[in-house]
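The values are calculated or read from the model by the stated rules, or taken from the named source; none is laboratory data. The model shown is predicted, which means the values in this text are computed figures rather than measured ones. So basically every Cβ, Gly included, is an ideal-geometry build from the backbone, and we count neighbours across all protein chains shown. Surface areas here come from the heavy atoms of the whole protein model, side chains and all, with no ligands, DNA or RNA. Shrake-Rupley method; radii C 1.70, N 1.55, O 1.52, S 1.80 Å.
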Amino acid sequence: MFHRRLRLALIAFTALWLLSVGGAHAGEWFQDGRIGAGIDLIHERGTPMVSAALYPASLMAWNDNFGVGLTYPIGPRVGWNAGLGGILVRREDGNVGTRLNFLLRLSYCGEKLCLSFAHISHGSGIGIRDDAANSGLNFLFLEYRYR
């Protein structure tokens with residue numbers, strides 16, 4: 001019961017946070033569109049993945065699973081930038097132990113290409129669903145900026 005309440009509190013906090021800062025960044029949001037492909041680097045080494053994004057929203061697919069994420073953008077369009085948020089995945093497995101997970105993204109972008117890294121995990125090490133398997137996913141991918 002505690003884990004369910006903690007997850008609901010995190011979801012509510014994230015939603016309120018995104019709504020509260022949305023007004024300040026509304027003109028910047030949904031301006032950066034990218035498509036990409038890459039691989040997992042650590043736990044499922046070599047697993048291919050594809051992504052499509054109109055940041056801060058993104059879709060990532062790997063193996064027979066996929067997730068829809070929302071991240072808060074940090075940094076400029078060109079150069080180092082990041083995103084912090086969450087991703088809702090279709091299916092739980094040994095890599096993603098819950099349907100709702102943290103999504104961390106780090107990119108280095110030029111005008112048309114970005115080298116990006118994404119980490120997906122529910123954070124069992126910080127007390128969220130310690131009973132669920134969670135090795136996490138760590139994708140390194142190249143993205144083409146279409147917008």
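Scanning the stretch 55-83 for residues that are open to solvent by 40 Å² or more (accessible area, probe 1.4 Å) and at positive phi turns up Asn63, Gly75. Which members of the stretch 101-139 meet the condition of being modelled with pLDDT of 80 or more, aliphatic (A, V, I, L, M) and either open to solvent by less than 70 Å² (accessible area, probe 1.4 Å) or assigned to a loop (DSSP other than H, G, I, E, B) (or both)? If the condition is that a residue be modelled with pLDDT of 80 or more, aliphatic (A, V, I, L, M) and either open to solvent by less than 70 Å² (accessible area, probe 1.4 Å) or assigned to a loop (DSSP other than H, G, I, E, B) (or both), then Leu103, Ala118, Ile120, Leu137 are the ones that fit.
Among the residues making up the stretch 84-100, those that are surrounded by fewer than 17 Cβ atoms within 10 Å (Cβ to Cβ) and within 10 Å of the chain's Cα centre (by Cα) are Leu84, Leu88.
In the stretch 38-81, which residue that is among the polar types (S, T, N, Q) and assigned to a strand (DSSP E or B) is nearest to Glu111 (Cα to Cα)?
Looking at the filtered set, the residue picked out is Asn81.
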